[in-house]
1. Give segment B:91-148 a look and list any residue that's over 25 Å from B:Leu73 (Cα atoms) and hydroxyl-bearing (Ser, Thr, Tyr), or say none.
2. In segment B:33-51, how many residues are more than 20 Å from B:Ala101 (Cα to Cα) and in contact (Cβ under 8 Å) with a residue 40 or more places away in the chain?
3. For segment B:256-291, give me the residue count where each residue is crowded, with 16+ Cβ neighbours inside 10 Å, farther than 27 Å from B:Gln42 by Cα and more than 12 Å from chain A (Cβ to nearest Cβ).
4. Looking at B:Gly240, B:Gly225, B:Gly245 in this structure, which one is of a type outside the set (Lys, Arg) and modelled with pLDDT under 95?
5. Have a look at A:Ala167, A:Ala184 and point out the one that is surrounded by 24 or more Cβ atoms within 10 Å (Cβ to Cβ), farther than 24 Å from B:Arg198 by Cβ and more than 10 Å from every other protein chain (Cβ to nearest Cβ).
6. Identify, please: which residue in segment A:116-130 is free of Cβ contacts under 8 Å to residues at least 60 places away in the same chain and crowded, with 19+ Cβ neighbours inside 10 Å and is, among those, farthest from the other protein chains (Cβ to nearest Cβ)?
7. Kindly evaluate B:Ile303 against the criterion of being away from chain A (no Cβ under 14 Å) and not in a helix (DSSP H, G or I).
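The values are calculated or read from the model by the stated rules, or taken from the named source; none is laboratory data. Everything quoted here is computed from the prediction, not taken from an experiment. With ideal geometry, Cβ positions are generated from the backbone for all residues, glycine too; neighbour counts draw on all protein chains shown. Calculation scope for accessible area: heavy atoms of the full protein, side chains included, ligands and nucleic acids excluded. Shrake-Rupley method; radii C 1.70, N 1.55, O 1.52, S 1.80 Å.
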Protein chains: 2
Amino acid sequence: MKMIVAVIQEAVSSNDKATNLALTEKRIRDAAQSGAQLVLLQELHSTLYFCQVQSPHYFQMAESLDGSTCLALERLAKELNIVLVGSIFEKRAAGVYHNTAVVFDGNKGMVGYYRKMHIPDDPGFNEKYYFTPGDALKNGENPYKPIQTSVGKLGVLICWDQWYPEASRLAALQGADFLLFPTAIGWHPADTSDEQRRQQDAWTLIQRSHAVANHIPVLVANRTGFELSPGAHSDKPELGIQFWGQSFITGQQGDILAMASHNEEGSLLAEVDMSRSETLRQMWPYFRDRRIDTFSDLAKRYID
Amino acid sequence: MKMIVAVIQEAVSSNDKATNLALTEKRIRDAAQSGAQLVLLQELHSTLYFCQVQSPHYFQMAESLDGSTCLALERLAKELNIVLVGSIFEKRAAGVYHNTAVVFDGNKGMVGYYRKMHIPDDPGFNEKYYFTPGDALKNGENPYKPIQTSVGKLGVLICWDQWYPEASRLAALQGADFLLFPTAIGWHPADTSDEQRRQQDAWTLIQRSHAVANHIPVLVANRTGFELSPGAHSDKPELGIQFWGQSFITGQQGDILAMASHNEEGSLLAEVDMSRSETLRQMWPYFRDRRIDTFSDLAKRYID
């Protein structure tokens with residue numbers, strides 16, 4: 001079974017959600033008109049990447065699972081009859097905020113959500129300040145359980161989760177047909193170009209490797225554009241992040257089906273042949289041979 | 001701390017161990033003369049890849065951990081004062097055979113061994129017929145425990161193990177400074193060139209991804225040359241394996257430091273900067289954030 005899927009890569013220039021969502025909506029419509037049945041948006045697409053700094057001010061931008069961003073995406077998914085995966089700064093309760101991906105399935109409305117499990121925290125990415133990690137059990141189940149939609153089961157993960165083969169594996173072991181990564185990653189302008197290239201290559205290949213290890217397609221939507229750190233002067237480009245774009249879609253062997261450039265905005269489409277997953281799992285039967293009798297130590301922090 | 005490491009890629013044309021080891025010895029000497037302190041050989045380097053067919057005849061080729069191949073490698077490691085990692089068809093007892101990597105450290109002699117944990121079995125690769133998988137506990141410890149040598153702790157894995165991020169992670173969580181993969185993988189001549197390319201790309205990138213996920217260098221020694229399936233007629237090239245060579249060495253971000261061609265024989269060298277591992281683990285603190293409270297299901301066959 002072949003299917004067209006899309007990821008949308010955007011530069012964001014303000015925290016005006018309505019304006020940003022209107023631009024995103026146009027791109028989603030483009031993708032759907034080109035035949036996309038599944039559309040993935042980038043991480044925290046309706047605002048700037050506010051985590052560059054710590055400021056209690058930004059908690060005002062958080063919204064609930066039935067907030068304005070979700071309502072807009074739900075309406076659009078219904079109208080276009082697509083599966084649409086968005087990303088919000090979620091307010092679950094006063095003092096409990098998450099980085100959450102939300103899944104809408106045509107007329108069915110919201111069919112699931114995923115709260116980011118692995119939260120980064122390093123200079124320019126102060127996410128532990130804003131986001132409580134997702135619960136260890138989600139409604140009593142493994143939190144990486146894929147979300148059932150009309151196009152298949154979506155293994156939805158978010159950005160920093162991408163560095164953990166464990167997360168992708170747990171989605172695959174629960175039947176994920178796809179892995180999806182809404183992402184916001186970029187270069188620190190002070191790094192050398194060699195170091196920037198190594199970082200981006202590493203990011204591309206770790207996500208391609210999840211396709212290889214699990215024989216399912218991978219969709220990655222990354223932010224593009226330069227965002228100055230809030231409060232910094234615009235003549236100090238070292239105080240900001242150059243989001244590196246290069247959103248991509250792979251087949252089930254990690255083969256690149258489509259890849260965006262560093263700086264273009266818009267929707268990136270690819271046709272994936274879903275039947276390849278089972279064929280490849282028969283030809284390369286990794287799942288048959290996992291030495292599960294030796295894997296319990298993976299639940300340790302370090303083995304010392 | 002910078003160090004020169006080497007992998008040796010060879011075509012094998014007979015089961016004459018003495019002749020094969022003499023050729024290998026010459027290449028090891030070349031690598032050591034070029035300054036290599038750590039040298040990795042390919043999987044089952046002293047014979048043809050006999051697992052193309054099932055024949056009890058081949059059990060005669062198995063040898064113990066103090067057999068002729070190990071003695072030859074031990075002698076050479078002492079003479080050259082290097083760390084040398086070889087690969088044997090091990091006879092542990094009548095009826096108990098393993099695919100085993102053996103580690104020699106200069107004057108210290110054999111300092112450890114690793115028995116392949118994940119055993120493939122598909123057309124042309126009848127390994128489950130020959131090899132008992134490694135024990136779940138090795139001397140009471142996790143079987144992926146790296147082997148201490150004078151150049152660092154070696155996380156030694158073998159071929160099919162390469163497809164399992166779990167195995168690499170377990171070596172890294174036990175302090176591995178390197179990951180080493182003796183390998184024998186090739187193309188079935190009947191596959192299309194596109195499929196061959198995808199297979200080889202997937203193989204390269206999954207091993208590079210273990211460097212990325214764990215921030216340690218990866219060494220891969222693969223066999224090259226065409227080996228006809230035993231008993232097949234030489235006018236039937238579809239009955240054999242074209243080993244695809246392309247042995248390689250990566251840095252700690254999966255960056256390729258050196259890669260051999262499809263068909264060349266010889267030693268491939270690279271200089272690795274071991275200090276990068278700790279620097280990168282501080283800059284990209286994946287190990288800090290692993291959600292170990294959610295990983296116990298990795299020890300399940302499937303979550304259904």
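1. Passing the criteria: only B:Tyr129.
2. Number of matching residues: 2.
3. Residues that pass the stated criteria total 0.
4. B:Gly240
5. Result: A:Ala184 is the single residue among A:Ala167, A:Ala184 that is surrounded by 24 or more Cβ atoms within 10 Å (Cβ to Cβ), farther than 24 Å from B:Arg198 by Cβ and more than 10 Å from every other protein chain (Cβ to nearest Cβ).
6. Within segment A:116-130, the match that is farthest from the other protein chains (Cβ to nearest Cβ) is A:Lys116.
7. So B:Ile303 fails the test.
Okay, residues lined up against (1) crowded, with 24+ Cβ neighbours inside 10 Å; (2) under 18 Å from B:Pro182 (Cα atoms):
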residue	(1), (2)
B:Gln33	no, no
B:Leu41	yes, yes
B:Lys78	no, no
B:Tyr97	no, yes
B:Thr100	yes, yes
